[in-house]
């Protein structure tokens, strides 16, 4: 794997908003058409996740209906990575990831420029989509986070 791709995926709490930003192309749940959006990704326990502040999201419905999508790295390195998304439904797993995301977003340095404090854990647990992302062509980056 290209070292630049690995570095782009290894964000830390010090990573800027720009470094966290990717595009994803999903397949529309109802239309079957490609849908490309810009979104932030997060790392928790060395794994990659997609989530947003509490709300219903079309990208989430698309991944639930069609789990294979494209993860586009757009900053620092350009790469279109085949990805697979699995909704995280287990409450303990969700809580662990959301605690990490909230801590990241609420950190004092706040390099991402997010308004603080972010929504409380209870709001994320009840209203935020959460998808674990793996890369079938990059097995060294993909493992089961429940292990």
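Taking every DSSP beta bridge with both residues inside the chain, roughly what % is antiparallel (nearest 5)?
Looking only at bridges with both residues in the chain, the antiparallel portion is about 100 percent.
Under the Kirkwood approximation for Rh and a Cα-based Rg, what ratio Rg/Rh is obtained for region 3-139?
My calculation puts Rg/Rh at 0.94.
Under the Kirkwood approximation applied to all pairs of distinct alpha-carbon atoms, what is the hydrodynamic radius of region 1-75 in Å?
Details: mean 1/r = 0.0754 Å⁻¹.
Result for region 1-75, one decimal place: 13.3 Å.
Express the relative contact order of the chain as a whole percentage, based on alpha carbon pairs under 8 Å and six or more residues apart in sequence.
Relative contact order comes out at 29 percent.
Since every read-out is calculated from the coordinates, none of them should be taken as a lab result. As the structure is a prediction and not an experimental result, all values here were calculated from the model.
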